[in-house]
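To start, the structure itself, in structure tokens.
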Amino acid sequence: MATQRIGIIMNGVTGRMGTNQHLVRSIVAIRSQGGIALPGGDTLMPDPILVGRSEHKLRTLTEAYGIERWSTDLDACLADAEDTIYFDAQTTTRRAEAIRAAIQAGKHIYCEKPIATDTATALELAQMADRAGVKHGVVQDKLFLPGLLKLKRVIDSGFFGRILSVRGEFGYWVFEGDWQTAQRPSWNYRKEEGGGIIVDMVCHWQYVLSNLFGRITGVSCLGTTHIPERVDEQGQSYASTADDAAYSTFEIENGIIAHFNSSWAVRVYRDELLSIQVDGTHGSAVAGLRECKVQSRVNTPRAIWNPDVPNPINFRENWMDVPDNGTFENGFKAQWELFLRHVALDEPFRWNLYEGAKGVQLAELALQSWAERRWLDIPQLAGSREA
Ligand SMILES: NC(=O)c1ccc[n+]([C@@H]2O[C@H](COP(=O)([O-])OP(=O)(O)OC[C@H]3O[C@@H](n4cnc5c(N)ncnc54)[C@H](O)[C@@H]3O)[C@@H](O)[C@H]2O)c1
């Protein structure tokens with residue numbers, strides 16, 4: 001019963017996603033649970049080296065989480081043959097260059113979405129990784145959310161009959177930064193720095209829709225910048241050059257119509273920050289991050305339009321919770337464990353860079369649809385696998 005060490009170069013871990021989801025909730029959590037149990041009794045133990053620009057931030061993180069190694073020299077880290085995985089959660093525009101260097105150094109690649117800001121670059125990264133014979137993966141965390149795992153279970157049970165439509169509501173109010181600090185980094189609102197809600201969120205809708213409902217064949221998208229001026233981390237006003245809301249409709253191959261509203265300028269009157277309603281001939285469901293409720297055909301109240309009398313029906317009654325029937329791990333951690341097993345044991349891992357490239361493609365076509373004010377078809381990407 002031996003411990004097998006697996007060395008991971010983690011870049012961008014001083015950021016919001018890097019620290020909270022990837023370092024603390026995933027790698028530190030895996031280390032705290034004693035690693036990943038392998039068949040035969042061995043244990044796989046991640047050994048990260050944290051890479052970034054700020055010595056102070058890196059030192060603070062390593063001390064807080066019991067990690068031994070940090071560095072401000074990415075090239076030196078890539079040159080170390082003992083660390084076989086490169087992970088990237090830097091700001092989006094920096095990702096492609098770093099991944100190219102990591103592939104050239106023979107590292108397996110795991111990274112945040114979007115993997116690039118344009119489809120050609122995204123596809124090039126996937127093909128480059130394949131040619132180099134390294135393993136690769138992209139974060140598709142929403143698939144591992146308890147609410148969406150339950151929704152998948154409802155779909156697989158045949159509950160819906162024929163699925164007709166999907167409506168997604170995502171968003172919350174991101175403070176402008178003047179009288180309350182913003183909850184998101186300012187680069188999110190600058191197009192020239194890789195910002196924009198379409199680039200950020202449409203890649204999530206791509207894998208959610210294609211994994212749960214089928215291949216996306218068309219897109220129509222209207223973006224906008226509702227809040228034209230914000231205040232950054234230094235208290236300086238800046239012009240928002242990127243879209244902060246997107247109203248997008250997707251056609252799915254089997255006739256399902258999906259519409260997603262994504263906004264950082266909306267106040268929440270929902271149970272969760274993401275809500276996905278699915279309507280089918282035999283039943284409907286509303287899934288969020290953690291919960292999923294269903295209403296079947298026989299539980300559907302007879303709604304009658306009559307504004308002259310107070311509403312006689314409480315429409316939230318007659319919905320039932322889908323039970324957990326198990327425990328759910330943090331979604332980022334669950335996917336990390338699968339990727340580490342993929343590298344160590346050669347187990348299958350379908351969320352690869354080609355899948356990441358499909359997300360970039362859909363975001364790019366959504367932006368084009370908005371610019372040209374028209375529907376666009378989604379061509380199949382060379383080398384990609386169908387979900
Ligand atoms: N999967 C998800 O749900 C999800 C959610 C939010 C963000 N993201 C993605 O994660 C990535 C990071 O987003 P975030 O919100 O954590 O951003 P952030 O601004 O909080 O962190 C960015 C990281 O990149 C580093 N960085 C920025 N500029 C750099 C430079 N010039 N040189 C070296 N390092 C630099 C920062 O130090 C930091 O570690 C983005 O690509 C974003 O799209 C994914």
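Each value in this text was obtained by applying a stated rule to the coordinates, not by laboratory testing. Just so you know, these numbers come straight off a predicted model, no measurement behind them. Note that each Cβ is placed from the backbone with ideal geometry, even for glycine, and that neighbours are counted across all protein chains shown.
Is there a residue being surrounded by 15 or more Cβ atoms within 10 Å (Cβ to Cβ), of a type in the set (S, T, N, Q) and in contact (Cβ under 8 Å) with a residue 12 or more places away in the chain anywhere in segment 297-313? Looking through segment 297-313, none of the residues is surrounded by 15 or more Cβ atoms within 10 Å (Cβ to Cβ), of a type in the set (S, T, N, Q) and in contact (Cβ under 8 Å) with a residue 12 or more places away in the chain. Restricting attention to segment 244-258, the residues that are free of Cβ contacts under 8 Å to residues at least 60 places away in the same chain and more than 18 Å from Ser210 (Cβ to Cβ) total 1.
Among the residues of segment 160-170, the ones that are touching a Lys or Arg at 6+ places or on another chain (Cβ under 9 Å) and either farther than 20 Å from Phe260 by Cα or small (Gly, Ala, Ser) (or both) come to 1 in all. For segment 324-338, the count of residues that are in contact with a Leu (Cβ under 7 Å, 6 or more places away or on another chain) and closer than 30 Å to Ala132 by Cβ is at least one.
Looking at Gly137, Gly195, just one residue is in a loop (DSSP other than H, G, I, E, B), within 16 Å of the ligand (Cβ to nearest atom) and not aliphatic (A, V, I, L, M), and that residue is Gly195. Restricted to segment 1-118, the set of helices (runs of 4 or more DSSP H) holding at least 2 residues that are small (Gly, Ala, Ser) and more than 12 Å from the ligand (Cβ to nearest atom) comprises 29-32, 95-104.
Of all residue pairs spaced 6 or more apart or on separate chains, those with beta-carbon atoms under 7 Å, a first member in segment 159-186 that is outside any loop (DSSP other than H, G, I, E, B) and a second member that is aromatic (Phe, Trp, Tyr) are Ile163/Phe213; Val166/Phe213; Gly168/Trp205; Gly168/Phe260; Phe170/Phe260; Gly171/Trp264; Ser186/Tyr238.
Output the residues belonging to segment 40-73 that are under 29 Å from Glu192 (Cα atoms), out of contact with any helix residue (DSSP H, G or I) (no Cβ under 7 Å at 6 or more places or on another chain) and of a type in the set (A, V, I, L, M, F, W, C). Matches in segment 40-73: Leu58 only.
Residue-wise test of (1) closer than 26 Å to Gly326 by Cα; (2) crowded, with 23+ Cβ neighbours inside 10 Å.
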{"site": "Thr121", "(1), (2)": "no, no"}
{"site": "Arg131", "(1), (2)": "no, no"}
{"site": "His136", "(1), (2)": "no, yes"}
{"site": "Leu148", "(1), (2)": "yes, yes"}
